[in-house]
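The structure appears below as C-alpha cells.
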Amino acid sequence: MTTDCLIALGGNVGDVAATIANAVAALNVHPRIEQVGLSGLYATTPVGANASDPFLNAAATLKTSLSPLELLDVLQSLESAAGRKRTVHWGPRPLDLDLILFGEQVVSCERLQVPHPACWYRRFVLDPSAEIAAGMVHPVLGETVGELRERLLERPLLIALAGEDDGLLSRLIAEVAPRCGDVHLIGPAESGAQLAAPAMTVCLDPATHARLATSPPRRRSICLPQSADSPQQALMDVLTSALDVPVRQSPR
C-alpha cells in the first residue's frame, strides 16, 4: 500500500536547479518510491536574518510505501549528499527537503511534524505545491493546498496579533505595519470590531497560541519563537513568508 506525499524543495547555494533535479532523480529510482512529479522552479525572497541570498523553490509529489520517518531519513540523506550542514538556523543551504503532507496522516514527534506546521502560510511552499497538488487536503485545517494559497492572495491581508502583553502588541503594530502596506494588522483595540476572519493570528506567547488552536472556532495561528532576539524581526519573517510573490522561472 502506498501513500500520496507532498515534498517542498529549495536552496540558495550553488546550482540549485541542478541540485533539485538530482534529488528528484534519486527519489525516482528509490525502490519504495514511485510516480515522482515536480513543479516548476520559483525564485523567492529569503526569510530570516541568516538566510542570505534569494532561494529557488519547488514542490514534488510522490507515492511511497515508506513510513513517514523512513521517508524523512531518505530526504535527510539526500540533503547531506548535496552538502547541507545544519550549523546555522535558517542559514544558506544547497538543498532543503521538507515533508509537507503524508496522505491524511498527522505525525507529531521529536523528529517530525506532519503536516508541516508552517506550510499553510508560506507562499514559497504553497505556490509550487498548488501547481502540482492543488487538490491535496491539509488534514488538520481541512482545506486544499489551492484553497490555502488563495487565502493568502486577499489584499489587504488581514492578520491578527494576540498575546497577554498589550504593550508589546501595540509596539509591534506601530513598528511593523508601516513596513507592510499590503497587511492590516489587528490588535487589541480592534478585537471587538466587525472584521472578516483573519488569514492568520500571530501569537506572542505559547499560552495564547495553545488556547486559540484548541478552542472553537479553531484559528489558523502561529506562535512567534520565544527564542527570537527581536519579535519585530520574527513577525516580519512571518509576513514575508505570507506576502512574498514567488516568481516562476522559465525552463532552461
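For residue 150, the solvent-accessible surface with a 1.4 Å probe is about 100 Å², rounded to the nearest 10. Note on residue 25 and residue 67: the model spin-label points, each 7 Å out from Cα along the C-beta direction, lie 3.2 nm apart. Within the set (i) 19.9, 75; (ii) 18.4, 57; (iii) 16.5, 45, the number that Rg and Dmax of the Cα atoms in Å takes when calculated for this structure is listed as (ii).
For region 62-77, the Karplus equation 6.51 cos²θ - 1.76 cosθ + 1.60, evaluated at θ = phi - 60°, returns couplings of 7, 10, 8, 9, 6, 7, x, 6, 5, 5, 4, 4, 4, 4, 5, 5 Hz by residue, with Gly and Pro reported as x. Taking the Cα centre of the chain as reference, the dipole from Cβ charges on Lys and Arg (+1) and Asp and Glu (-1) amounts to some 260 debye.
Toward the positive end of the charge dipole of the chain, with +1 on the Cβ of Lys and Arg and -1 on the Cβ of Asp and Glu, the farthest Cα among 177, 31, 66 is that of 31. Here the 3J(HN,Hα) profile of region 133-146, calculated from phi with Karplus coefficients 6.51, -1.76 and 1.60 at θ = phi - 60°, is 9, 4, x, 5, 9, 6, x, 8, 7, x, 10, 6, 4, x Hz, Gly and Pro shown as x. Extension gain, residue 227-residue 112: 0.36 nm per intervening residue step, less the Cα-Cα distance, totals 39.4 nm. To the nearest 10, the accessible area of residue 29 is 120 Å² with a 1.4 Å probe.
Using amide H atoms built in the peptide plane, which far-off residues or other-chain residues are under 5 Å from residue 138 H to H? Correct list: 143, 144, 145.
With all protein chains in place and ligands, DNA and RNA left out, the 1.4 Å accessible area ranks 236, 1 as 1, 236, largest first. Looking at the chain, the accessible area is 49 square angstrom per residue; that uses a 1.4 Å probe and ignores ligands, DNA and RNA. Take every DSSP beta bridge whose two residues both sit in the chain; close to 70 percent of them are antiparallel.
Take every Cα pair under 8 Å whose residues are at least 6 apart in sequence, average their separation, divide by the length of the chain, and the relative contact order is 20 percent.
The length gained on full extension between residue 77 and residue 155, counted as 0.36 nm times the residue separation minus their Cα-Cα distance, comes to 24.1 nm. Among 220, 111, 155, the largest mean-square fluctuation in a Gaussian network model of the chain, built with springs joining Cα atoms closer than 10 Å, belongs to 111.
The values are calculated or read from the model by the stated rules, or taken from the named source; none is laboratory data. Remember, it's a predicted structure, so these values are computed and weren't measured experimentally. All Cβ positions, even for glycine, are placed from backbone atoms using ideal geometry, and neighbour counts span all protein chains on display. Just the protein is used for accessible areas: all its heavy atoms, side chains included, with ligands, DNA and RNA removed. Shrake-Rupley method; radii C 1.70, N 1.55, O 1.52, S 1.80 Å.
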